[in-house]
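Only the coordinates and a few stated rules stand behind these numbers; no lab work does. Note that the structure is a prediction, hence the values are computed from the model and not measured. Quick reminder, even Gly has a Cβ in these numbers, built from the backbone with ideal geometry, and neighbours come from all protein chains shown.
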């Protein structure tokens, strides 16, 4: 597939035309256990629209059931455009009724699902977002980009080499990643629209784990140009390089706080643990992960700033979440490579199944897991554009 086809996966942001004003007060009055799956019913639609709604809402911890068992009744009509309604079970008035036009039926269904999730769960929309990931094939690894649900896949690299740790710049149009295409490790910057690439970092030794700050102005990465793999930060232009971590302990896997003031990263000194440090430099502090055993790796800071998800274990890994300031960690599900969605609720991760690596979606409050079956092959290291 040609690079120019990337335009097919750029989100289509649709404006819903209101058929009736939303009446959300009835939602606010509901007291709900966030860890419980929400029963919903879907009627009036079929085919692609029904499939999209079921997948999207399942990702958000909802389960389709019969109308008489549902907490919320979702209905729709396809008539050149999608007309969707949301009603609370037992209520007479619609919570909202909107029509969605423009774009494909799939895009309209994603917009309807976004409105449902936002209304019921008060969460940011994610169903038009993109992901990047690594796919293994014939002894090499390539970077691919797709819609969050695996549709509209595009192979971004065809180097016949190895790549790793893809990371989005804000806006979802640029990727940074580690590449071995020239033998030694380099960090590349890749425009996903034009396909243009440039070498961002190629110092002596290893260059890996690039992550762009939330404001898009700086890049944190791991360099071993001084011997030990250490945390560095530079300007988006590549200038102003500054070393943040020092000593013999190896650093890896940096992740920015949403305000760009701090970076959480892994330090390996025997057992791997988490540290936090000012993005301007200074003395790092420990992020306590109480109740977790084995190595602590692959942290990702939630966009709302409240939580850090990471993996623990050695060989077999478990996804865990801890308050951003540290504390007792909660074990979630088995998996690797976690990355938050823009809503700070959903996580994409790698799950091992039948000697293969599968990309899956986790609803953190309910611990409900949904595999992305549209993506085939052995895939890992997913990154959610946000």
task: Would you order 241, 231, 188 from fewest to most other beta-carbon atoms within 10 Å of each residue's own beta-carbon?
output: 241, 188, 231
message: Springs between alpha-carbon pairs under 10 angstrom, Gaussian network model over the chain: which of 183, 327, 61 fluctuates most?
response: 183
statement: Output ordering of 139-146, 285-292 (per-residue mean of other Cβ within 10 Å, highest first) is 139-146, 285-292
- request: Quickly work out the residue 304-to-residue 250 label distance, labels modelled 7 Å from Cα along the C-beta direction, and quote it in nm with one decimal.
  value: 3.5
message: Tell me the mean residue ellipticity at 222 nm calculated for the chain from its helices only (DSSP H runs of n ≥ 4, each -39500 (n - 2.57), averaged over every residue, nearest 500).
response: -2500 deg cm²/dmol
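Round to the nearest 0.05 the FRET efficiency obtained for residue 79 and residue 118 when R0 = 30 Å and r is the Cβ-Cβ distance.
Working: r = 24 Å, r/R0 = 0.79.
Using R0 = 30 Å, I get an efficiency of 0.80.
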- prompt: Going out from 0 in 5 Å bins, what whole percent of all Cα-Cα distances in the stretch 295-337 drops into each bin?
  reply: 6, 27, 34, 22, 9, 2, 0
- request: List 110, 368 from most exposed to least, where exposure is judged by having the fewest other Cβ atoms within 10 Å.
  value: 368, 110
statement: Between residue 162 and residue 191, the two model label points (7 Å from Cα along the beta-carbon direction) sit apart by a distance in nm of 3.0
field: Mean shadow area of the stretch 227-277 over all directions, Cα convex hull, nm²
entry: 3.9
task: Give me the number: length gained by fully extending residue 36 to residue 241, i.e. 0.36 nm times residue separation minus the C-alpha to C-alpha distance, one decimal in nm.
output: 69.1 nm
task: Can you tell me what the convex hull of the Cα atoms of the stretch 232-386 projects to on average, as an area in nm²?
output: 10.0
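Taking neighbour Cβ counts within 10 Å as the exposure measure, how do 52, 219 sort from fewest upward? Kindly include the intermediate steps, with their values, before the conclusion.
Values: 52 23, 219 26.
The order, fewest Cβ neighbours first, is 52, 219.
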